[in-house]
Amino acid sequence: MLKQIKDLGTEKTIPADTDLIPFQQTNGVTGHITRANFLAGITSGGNDSKYIQLLDKRASGVNGGTPTTGSWNNRIINIIATDQTSKVTLSSNNFILPPGDYWIDVKAAFYRPYEVKLRLLNATANTVLLTGLNAYIGNLDCMTITCLSGFISVLENQSLAIQYRCNGAFAGFGLGVANGFEEEVHLIADIFKL
């Protein structure tokens, strides 16, 4: 068991590479490691993950638009907010990721869509890669956030689309209501290249 630390000094606000971090192994052996060695172990652990964020982002006061009902349609993606791969491209609301394995997490706003669902489509191969949660908002004066998440493997030059299907088409802002506070975001896709 790790021995209890009785006396803590004052809080240190500027770390040094020679600072010691206590640890305990699963076999009960205790020890310490320098901050420099700890950080080096994290950065050299073979983790080459990269972060990508895609958005449907509009000027303040601009609603998300009118949805099309009865079939699968692409959600608007008009901004690459972050791309640590420097290789993502957008075209007609489709996006191309560099080859690799990814975790994707999408949230999209809908106003009174009745039944609604998201999916991730490989538009190149016309295959569904992920299917999101079911959601429902009827005649209530409120918005819902639909979610889609999961693991995907991407081959080179595969065009992907985040699609929705709903049964309600509230004119002007069924794909997201503007609040006028600042820039409007009606869809966020957080993507992690593993």
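The values are calculated or read from the model by the stated rules, or taken from the named source; none is laboratory data. Here the structure is a predicted model, which is why all the values come from computation and not from measurement. When we count neighbours, we look across all protein chains shown, and the Cβ atoms used for this are built from the backbone with ideal geometry, even at glycine.
Below is a table of values for the structure above.
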| read-out | value |
| --- | --- |
| Sole residue being among the charged types (D, E, K, R) and farther than 23 Å from residue 185 by Cα, chosen from 56, 105, 101 | 101 |
| Some residue of region 87-108 being surrounded by 13 or more Cβ atoms within 10 Å (Cβ to Cβ), touching a His at 6+ places or on another chain (Cβ under 9 Å) and touching a residue at least 40 places away in the same chain (Cβ under 8 Å) | yes |
| Residue in region 114-126 that is hydrophobic (A, V, I, L, M, F, W, C), touching a residue at least 24 places away in the same chain (Cβ under 8 Å) and outside any strand (DSSP E or B) present | yes |
| Count of region 140-194 residues which are within 19 Å of residue 114 (Cα to Cα) and either over 15 Å from the mean Cα position of the chain (by Cα) or surrounded by fewer than 19 Cβ atoms within 10 Å (Cβ to Cβ) (or both) | 22 |
| Positions within region 48-96 being under 21 Å from residue 147 (Cβ atoms), of a type in the set (Val, Ile, Thr) and assigned to a loop (DSSP other than H, G, I, E, B), in sequence order | 68, 69, 76, 77 |
| Filter result for residue 145 (of a type outside the set (Phe, Trp, Tyr), at pLDDT below 95, outside any loop (DSSP other than H, G, I, E, B) and closer than 13 Å to residue 187 by Cα) | yes |
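Conditions tested, residue by residue: (1) part of a strand (DSSP E or B); (2) more than 27 Å from residue 98 (Cβ to Cβ); (3) touching a residue at least 12 places away in the same chain (Cβ under 8 Å).
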position: 136; (1), (2), (3): yes, yes, yes
position: 140; (1), (2), (3): no, yes, yes
position: 150; (1), (2), (3): yes, no, yes
position: 170; (1), (2), (3): no, yes, yes
position: 181; (1), (2), (3): no, yes, yes
position: 192; (1), (2), (3): yes, no, yes
